[in-house]
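Okay, structure first, notes after.
Read the figures in this text as sums done on the coordinates, not as results from a lab. Small disclaimer: the values here were computed from a predicted structure and weren't measured. Reconstructed Cβ throughout: ideal geometry from the backbone, glycine too, with neighbour counts over all protein chains shown.
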Amino acid sequence: MKTSSSRVAGLGTTIFAEMSALALRTGAINLGQGFPDTDGPISIIDAAADAMRQGHNQYAPGIGIPVLRQAIAAHQSRWYGLQVDPDTEVAVTTGATEAIAAALLGLVDPGDEVIVLEPYYDSYVACIQLAGGVRRPVTLRAPDFRLPVDELRAAVTPRTTAILLNSPHNPTGMVLNTPELAAIATLAIEHDLTVISDEVYEHLVFDGLVHTPISTLPGMAERTLTISSSGKTFSLTGWKIGWATGPAELVRAMMTAKQFMTYTSGAPFQPAIAHALGLGSDYFSGLNRSLTDQRNVLCAGLSDIGFDVFVPEGTYFVTTDIRPLGFDDGMEFCQLLPERAGVVAIPHEVFYDPSRASGQATNPGKTLVRWAFCKRQEVLLEALDRLKVFAHRSQR
Ligand code: PMP
Ligand code: GLN
């Protein structure tokens with residue numbers, strides 16, 4: 001009996017599920033999987049509850065209800081001055097995860113090469129594999145994880161069809177700057193590439209930096225499918241309402257795949273997210289302020305304990321090097337941490353290509369560990385206390 005296809009071979013279980021299960025089993029504080037421990041505004045939750053009571057409980061249209069598509073188009077215009085047609089250039093998906101999967105299935109043929117920034121969010125390479133494509137990682141390196149433009153240029157081959165971008169970048173917290181975006185745009189135009197841009201952390205950018213969608217650069221709106229989600233921006237990761245915007249033909253290709261995966265996404269959540277997208281700027285700045293504080297608390301605490309801390313420009317993750325504490329294997333470290341310290345973190349190692357060329361035999365993420373700071377201050381402080389005790393014990 002055949003029990004699995006080559007398309008899923010080697011994909012295993014996502015590290016987020018593995019580490020959250022470990023957190024549950026050990027009762028450890030979960031700074032692993034990225035989800036906030038405080039829900040988004042009650043007005044959004046009330047809007048969903050109202051929608052359920054008012055009968056929004058059957059299939060929504062496949063591309064999403066008009067009110068939400070209009071709200072997504074209005075969001076792109078309000079924040080970035082981008083004009084998208086809500087009827088043809090916007091589609092609602094079951095989280096950004098489905099938008100990524102459907103985009104890759106809808107745009108990549110077997111053998112096509114897709115460039116990804118490494119370390120990468122794990123679903124990217126899984127979905128490239130499901131589509132039969134070939135991943136071409138370009139590595140962002142500590143301490144600042146800037147884009148190595150020459151390496152990006154060298155990664156393009158005649159088989160390259162797409163660049164899959166992520167900024168603000170999970171797991172490093174890097175935010176692509178103007179010269180980097182310009183270099184990517186030049187390359188994409190020169191080689192006629194499609195850009196898939198995952199911008200789920202678009203509102204989580206700190207220290208006065210700004211997020212610039214690559215589709216705002218000259219010549220890029222016509223070749224970029226931009227993906228985002230309500231999960232991060234409204235602290236409602238369980239609702240799984242995401243979306244994609246871009247040229248009608250790219251949205252259509254993605255929708256063609258999406259319609260046979262989920263067909264449609266969470267009907268009563270859609271009017272609620274339409275309401276959320278229209279919240280005043282005080283909501284967005286308030287979220288940003290509290291995450292900045294949480295980032296500062298966790299970064300300062302980890303640094304005091306002795307980790308080498310790479311302060312993130314965006315997202316709700318911070319990356320550290322564990323070597324100053326006497327460890328040199330992030331995976332081992334994260335596996336022993338829940339039992340020994342009562343804290344869960346994510347090893348970077350799993351976000352890098354395991355089949356590295358022999359010249360690069362060492363995984364650049366081997367000693368790096370990611371921590372989520374989208375947790376209440378008292379939770380972060382308790383985790384830091386536990387880590388302090390652990391670090392003290394392991395150094396004796
Ligand atoms: N992209 C990135 C970079 C992420 O970190 C995540 C995690 N939430 C997603 C996509 C998936 O988003 P969603 O929960 O909306 O599917
Ligand atoms: N995006 C979140 C993270 O990076 C979690 C996503 C997931 O569990 N798949 O932690």
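In table form, for the structure just shown:
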item	result
Neighbour net charge for Leu368 - beta-carbon separation under 14 angstrom, K R +1, D E -1	-4
Length-normalised contact order of the chain in % [C-alpha pairs under 8 Å, at least 6 apart]	24 percent
P(r) weight above 22 Å for the stretch 266-396, C-alpha pairs, percent	47 percent
With 20 Å bins from 0: P(r) over the chain, alpha-carbon pairs, percent	28, 59, 13, 0
Order of Ile346, Ile214 under a 10 Å beta carbon neighbour criterion, fewest first	Ile214, Ile346
The stretch 94-150-the stretch 284-334 distance, computed between alpha-carbon centres (Å)	24 Å
Relative contact order for the stretch 290-396, counting Cα pairs under 8 Å that sit 6 or more residues apart, in percent	33 percent
For the stretch 58-68, 3J(HN,Hα) per residue [Karplus equation, 6.51 cos²θ - 1.76 cosθ + 1.60, θ = phi - 60°, Hz, x = Gly/Pro]	10, 3, 7, x, x, 7, x, 5, x, 4, 6
Computed label-point distance, nm, for sites Ala183 and Arg159 using a 7 Å Cα→Cβ extension	2.5 nm
Nearest-20 debye value, the chain charge dipole, Cβ charges on Lys, Arg, Asp, Glu	720 debye
Phe260-Ala17 FRET efficiency (beta carbon distance; Förster radius 22 Å; 0.05 resolution)	0.35
The stretch 131-145 - phi-based ³J(HN,Hα) in whole Hz, Karplus 6.51/-1.76/1.60, Gly and Pro as x	7, x, x, 10, 7, 10, x, 10, 8, 8, 10, 4, x, 10, 6
In nm, spacing of pseudo-spin labels at Val389 and Ala248 (7 Å Cα→C-beta vector)	6.3 nm
Helical mean residue ellipticity (222 nm; -39500 (n - 2.57) per DSSP H run of 4+; nearest 500) of the chain	-12500 deg cm²/dmol
For the stretch 187-264 versus the stretch 1-65, the gap between their alpha-carbon centres in whole angstrom	19 Å
Residue-wise HN-Hα coupling along the stretch 69-82, computed from phi with Karplus coefficients 6.51, -1.76, 1.60 (Hz; x: Gly, Pro)	4, 5, 5, 5, 4, 5, 4, 5, 6, 4, 8, 10, x, 8
Positive dipole terminus of the chain, leading residue within Gln33, Ile65, Pro247 (C-beta point charges)	Gln33
Burial ordering of Ser20, Ser355, fewest other beta-carbon atoms within 10 Å first	Ser355, Ser20
Residues of type lysines that Lys258 reaches as a straight line, Cα spacing below 29 Å, ignoring anything fewer than 8 places off in the same chain	Lys2, Lys232, Lys240
Over the stretch 127-245: Kirkwood hydrodynamic radius from C-alpha pairwise inverse distances, Å	15.2 Å
The stretch 217-309: chymotrypsin sites (Phe, Trp or Tyr not before Pro) in DSSP coil with no more than 13 other Cβ atoms inside 10 Å	Phe260, Tyr263
Proxy reagent accessibility, fewest Cβ within 10 Å first, across His348, His275	His275, His348
Chymotrypsin sites (Phe, Trp or Tyr not before Pro) restricted to DSSP loop in the stretch 52-82 with at most 12 other C-beta within 10 Å	Tyr59
Size of electric dipole in the stretch 1-68: Cβ of Lys, Arg +1 and of Asp, Glu -1, about Cα centre, debye, nearest 20	440 debye
Under 13 Å, Cβ to Cβ, from Pro324 - net charge with Lys/Arg +1 and Asp/Glu -1	-3
Amide hydrogen neighbours beyond the local backbone of Leu165, cut-off 5 Å, H modeled	Ile196, Ser197, Asp198
